[in-house]
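These notes concern the structure reproduced below.
The values are calculated or read from the model by the stated rules, or taken from the named source; none is laboratory data. All of these numbers come straight from a predicted model, not from anything done at the bench. Positions of Cβ are backbone-derived with ideal geometry, glycine not excepted, and every protein chain shown enters the neighbour counts.
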Ligand SMILES: [Zn+2]
Ligand SMILES: [Zn+2]
């Protein structure tokens with residue numbers, strides 16, 4: 001018996017211990033023409049002001065089924081705290097180290113993007129630089145203007161772009177920097193015109209959803225993100241056992257490569273998925289909705305249409321009857337929970353309490369999808385079209 005246990009232990013240690021089951025995996029189907037990748041582009045480690053080693057960030061992301069992460073430690077001020085605390089030597093301080101450790105740990109299981117966060121007062125606030133090659137240089141560029149937040153950020157962003165970076169405005173609604181309202185300052189206009197505002201956080205775990213950011217992204221063609229901005233281990237932030245997961249940026253990419261992720265970000269092919277809601281542009285959310293919700297088992301008779309809706313995703317779908325279907329009656333509100341199938345029956349309005357026949361061979365059943373927001377307070381309209 002003892003020998004068996006010993007053998008078992010040897011076998012277990014040689015194959016490594018299998019990772020624990022993820023209670024609420026993020027499952028979202030591909031859309032037509034693109035793979036749906038799950039990304040978190042705002043992640044901190046002990047190499048700035050978080051409590052977690054980069055390797056753990058990689059394990060957390062793989063455990064949750066993500067495809068891509070960016071390590072975005074603060075390139076400037078916050079690292080100084082760690083130096084002061086004696087965790088790192090100022091002269092050996094390499095701001096690319098967290099990325100290198102994470103990239104090495106990830107192997108081929110996860111795409112890891114080299115990034116860094118420029119953290120300045122508002123305006124212009126905090127900015128993530130993605131796809132960069134040297135965060136030390138970004139820090140040096142910004143530090144030349146340490147007493148001027150705008151100039152410092154501008155110089156850091158300029159350096160990030162010289163490295164071929166993609167840059168974005170983080171948490172524009174952070175209450176510390178936007179205590180009463182979320183403002184697009186004239187400084188943001190300048191950075192936008194310079195081509196630096198390629199992305200914006202429509203959702204950040206600490207600040208929640210920003211309708212202003214959503215609106216600006218639509219008006220100015222800025223790529224939308226939902227990110228965690230994690231500073232603690234994820235089990236501190238996310239109640240996995242109660243079905244939560246981290247916010248993710250859905251990236252609609254031609255393939256699962258860094259280049260394809262970059263291409264998707266540059267062309268705005270993303271959606272922000274957080275707190276069981278999806279925020280984005282209609283041209284992305286419509287194909288996503290169509291990939292998630294399938295209409296099956298249609299039966300169109302003289303007096304009724306019945307069909308099933310199947311949710312192929314982990315996103316709860318809330319549907320509400322919308323204008324355009326006044327001639328028909330059906331239940332006005334549906335909730336299609338993750339992976340659930342529901343049956344819907346549509347009938348012509350009763351006349352004198354008697355059931356009627358359809359007076360047409362083609363029927364539109366109109367809904368709005370409340371969990372798919374294509375603008376602030378603007379749910380996605382959905383028309384299910386049936387022909388006899
Ligand atoms: Zn920040
Ligand atoms: Zn951050």
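Take residue 85 and decide whether it is touching a strand residue (DSSP E or B) at 6+ places or on another chain (Cβ under 8 Å), away from ligand 2 (no atom under 16 Å from the Cβ) and at pLDDT below 95. Break it down into steps so the answer makes sense when it comes.
On the way: touching a strand residue (DSSP E or B) at 6+ places or on another chain (Cβ under 8 Å): no; away from ligand 2 (no atom under 16 Å from the Cβ): yes; at pLDDT below 95: yes.
For residue 85, the condition - touching a strand residue (DSSP E or B) at 6+ places or on another chain (Cβ under 8 Å), away from ligand 2 (no atom under 16 Å from the Cβ) and at pLDDT below 95 - is not met.
Checking each residue in the stretch 104-119 for being within 18 Å of residue 60 (Cβ to Cβ), under 21 Å from the mean Cα position of the chain (by Cα) and not in a loop (DSSP other than H, G, I, E, B) picks out 106, 111, 112, 113, 115. Checked against the criterion of being surrounded by fewer than 19 Cβ atoms within 10 Å (Cβ to Cβ) and either assigned to a strand (DSSP E or B) or within 15 Å of ligand 2 (Cβ to nearest atom) (or both), the candidates 122, 168 yield just one match: 122.
In this structure, residue 167 does not satisfy being in contact (Cβ under 8 Å) with a residue 12 or more places away in the chain and out of contact with any strand residue (DSSP E or B) (no Cβ under 9 Å at 6 or more places or on another chain).
The lone criterion from (1) more than 16 Å from residue 236 (Cβ to Cβ); (2) assigned to a loop (DSSP other than H, G, I, E, B); (3) modelled with pLDDT under 95 left unmet by residue 13 is number (2). The numbered conditions (1) more than 19 Å from residue 138 (Cβ to Cβ); (2) within 16 Å of ligand 2 (Cβ to nearest atom); (3) touching a helix residue (DSSP H, G or I) at 6+ places or on another chain (Cβ under 7 Å) are all true for residue 176 except (3). Tell me, yes or no, whether the stretch 104-125 has at least one residue that is modelled with pLDDT of 95 or more, out of contact with any helix residue (DSSP H, G or I) (no Cβ under 6 Å at 6 or more places or on another chain) and farther than 16 Å from residue 170 by Cα. Checked against the condition, which is being modelled with pLDDT of 95 or more, out of contact with any helix residue (DSSP H, G or I) (no Cβ under 6 Å at 6 or more places or on another chain) and farther than 16 Å from residue 170 by Cα, the stretch 104-125 yields at least one hit.
Checked against the criterion of being assigned by TED's automatic domain parsing to the domain that holds residue 58, touching a residue at least 40 places away in the same chain (Cβ under 8 Å) and surrounded by fewer than 16 Cβ atoms within 10 Å (Cβ to Cβ), the candidates 268, 243 yield just one match: 243. Can you tell me which residue in the stretch 274-297 is surrounded by the most Cβ atoms within 10 Å (Cβ to Cβ), limited to those that are part of a strand (DSSP E or B) and in contact with a helix residue (DSSP H, G or I) (Cβ under 9 Å, 6 or more places away or on another chain)? The extreme case among them is 279. Residue count for the stretch 171-210 satisfying the condition of being over 18 Å from residue 269 (Cα atoms), within 13 Å of ligand 1 (Cβ to nearest atom) and under 17 Å from the mean Cα position of the chain (by Cα): 7. Select from the stretch 55-74 the residues that are touching a strand residue (DSSP E or B) at 6+ places or on another chain (Cβ under 6 Å) and in a helix (DSSP H, G or I) and write down the one among them that is nearest to ligand 1 (Cβ to nearest atom). Applying the filter and picking the extreme gives 57.
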